[in-house]
Amino acid sequence: MPETLENHVRQFREERGWTQAQLAEEMGVSRKTVNTVENGIFSPSVIVALKFAAALGQPVDRLFELVPGAGD
């Protein structure tokens, strides 16, 4: 099975005490973008991933990681 993209956006957002709307405003994206990325519905582009990293003060690889699929 192919890899999946796991993210820790919610964890770091909540550590800052931010709502999805506050993070979205900081990044210059919609709240829906934050929500769909947090819930694994949408995999962000490199630009959006870098915006998450800058807003949350974390390196991209702490926010997003590839997880091998079952049987790999």
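The values are calculated or read from the model by the stated rules, or taken from the named source; none is laboratory data. Predicted model only: the values in this text are computed from it and were never measured. Please note: Cβ atoms are built from the backbone with ideal geometry, for glycine as well, and neighbour counts cover all protein chains shown.
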Flagged in the stretch 1-27 as among the acidic types (Asp, Glu) and outside any loop (DSSP other than H, G, I, E, B), in numbering order, are Glu6, Glu14, Glu15, Glu25, Glu26
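Results for (1) modelled with pLDDT of 95 or more; (2) touching a Ser or Thr at 6+ places or on another chain (Cβ under 8 Å); (3) within 26 Å of Pro2 (Cα to Cα); (4) among the small types (Gly, Ala, Ser), shown as yes or no for each residue.
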site: Arg16; (1), (2), (3), (4): yes, no, no, no
site: Ala24; (1), (2), (3), (4): yes, yes, no, yes
site: Val29; (1), (2), (3), (4): yes, no, no, no
site: Val34; (1), (2), (3), (4): yes, no, yes, no
site: Val46; (1), (2), (3), (4): yes, no, yes, no
site: Ala55; (1), (2), (3), (4): yes, no, no, yes
site: Pro59; (1), (2), (3), (4): yes, no, yes, no
site: Phe64; (1), (2), (3), (4): yes, no, yes, no
I'm trying to understand the selection: among the residues of the stretch 37-72, which are surrounded by fewer than 14 Cβ atoms within 10 Å (Cβ to Cβ) and of a type in the set (S, T, N, Q)?
Asn39, Ser43, Ser45
Residues (under 17 Å from Phe64 (Cβ atoms) and surrounded by fewer than 16 Cβ atoms within 10 Å (Cβ to Cβ)) located in the stretch 9-34
Arg10, Gln11, Glu14, Glu15
Within the stretch 28-72, helices (runs of 4 or more DSSP H) holding 2 or more residues that are more than 18 Å from Gly17 (Cα to Cα), among the aliphatic types (A, V, I, L, M) and without any contact (Cβ under 8 Å) to a residue 12 or more places away in the chain:
46-56
